[in-house]
1. Checking the conditions here, which among 83, 93 is under 22 Å from the mean Cα position of the chain (by Cα), farther than 17 Å from residue 159 by Cβ and either at pLDDT below 95 or aliphatic (A, V, I, L, M) (or both)?
2. Against the definition (modelled with pLDDT of 75 or more, in contact with a Leu (Cβ under 7 Å, 6 or more places away or on another chain) and in a strand (DSSP E or B)), how does residue 25 come out, yes or no?
3. Would you pick out the residues in region 59-77 that are on the phi > 0 side of the Ramachandran plot and in a strand (DSSP E or B)?
4. Within region 98-111, does at least one residue satisfy the condition of being over 24 Å from residue 191 (Cα atoms) and without any contact (Cβ under 8 Å) to a residue 60 or more places away in the chain?
5. Considering only region 137-151, I want to know if a residue exists there that is under 19 Å from residue 51 (Cβ atoms) and in contact (Cβ under 8 Å) with a residue 60 or more places away in the chain.
6. With the requirement that a residue be surrounded by fewer than 15 Cβ atoms within 10 Å (Cβ to Cβ), in a loop (DSSP other than H, G, I, E, B) and at negative phi, what does region 141-178 give you?
Amino acid sequence: MQKRLIILILCIHSFFSFSQDFSYGAKFGTVLGGLITDRSGMNLRVSAQIGGEAEWRWNNLSFQPELMYSRQGEIERDQGARIDNTLKLDYIIMPLMGKYYFNEGFYAEAGPQVGYLLYANYRRQEGSFREVTDERDNYRNFDLSANLGIGYLTEWGFSIGLRYSMGTFNILRNPTENTTSQRNSVYQFYMGMRF
C-alpha cells in the first residue's frame, strides 16, 4: 500500500513538474441560484461565493481546480399576498476545470463540479407570520454538476468570468407535495486575483 502511494505521489509530481506555469489565488463572485424542477413560481436566489483556485498551464491548455463556499437555493415571492419563501442551500464546491486560452487572456472552460451540502433550510414568511425549518434531511449530501464558462485573465493576474453550472441528478431524497425532482442550476459571475 505504501509503495502504491509513493508511486502515485511521484507520478503526480512528475506530471505537474512539466507545466510551464503554475499560479494560485483567491476568487469571489455573485451567484444566481435556482432549481430545475416541475414546480413553478420560484425565482433565482442572488447570493455569493468565495474561495480559492490553482492553475497549471501548458501553452493554451490548463487545468484549474477550485475550492469554494457557494450559497445557492431559490426564492418564491408574491407581493400581493406578501409571501417571501426562501430555500437556502449552502455548499462547499470543488470545480475541476479544463481551460483553453484563445490568446493571452480570453479563455473558455468546462469541467465537472462536486458539491457537499453544508446547510439547508426553508424560510416561510407570509405577512407577519415567519417560520424556519431545517431541510437537511430532505436533501442529498453530495451533488455533481457540469460547468461551462468563459473568462479573461490579465497579465497581472486579475480574472473575470461567467460560468453556468447544471446539476446532473436529483438532489431531493424524497418527493414532496410540490415536486418529485430538483437539480441545481447556478449562474456565476466571478472575479479573482492571482498571487
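The values are calculated or read from the model by the stated rules, or taken from the named source; none is laboratory data. Not measured: the values here are computed from a predicted model. Using ideal geometry, Cβ is built from the backbone for each residue, glycine included, and neighbour counts are taken over all protein chains shown.
1. From the options 83, 93, the qualifying one is 93.
2. no
3. Once the filter is applied, which keeps residues that are on the phi > 0 side of the Ramachandran plot and in a strand (DSSP E or B), region 59-77 yields only 73.
4. no
5. No: zero hits.
6. Those that are surrounded by fewer than 15 Cβ atoms within 10 Å (Cβ to Cβ), in a loop (DSSP other than H, G, I, E, B) and at negative phi: 141, 154, 155, 156, 168, 169, 173, 174, 175, 176, 177, 178.
Rundown of residues vs (1) touching a helix residue (DSSP H, G or I) at 6+ places or on another chain (Cβ under 7 Å); (2) among the β-branched types (Val, Ile, Thr); (3) modelled with pLDDT under 95, yes/no style:
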position: 57; (1), (2), (3): no, no, yes
position: 75; (1), (2), (3): no, yes, yes
position: 79; (1), (2), (3): no, no, yes
position: 113; (1), (2), (3): no, no, no
position: 143; (1), (2), (3): no, no, no
position: 148; (1), (2), (3): no, no, no
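Yes/no per residue for (1) over 30 Å from residue 178 (Cβ atoms); (2) of a type in the set (Lys, Arg); (3) more than 15 Å from the chain's Cα centre (by Cα):
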| residue | (1), (2), (3) |
| --- | --- |
| 28 | yes, no, no |
| 32 | no, no, no |
| 37 | no, no, yes |
| 43 | no, no, yes |
| 46 | no, no, no |
| 55 | yes, no, yes |
| 58 | yes, no, yes |
| 64 | yes, no, no |
| 69 | no, no, no |
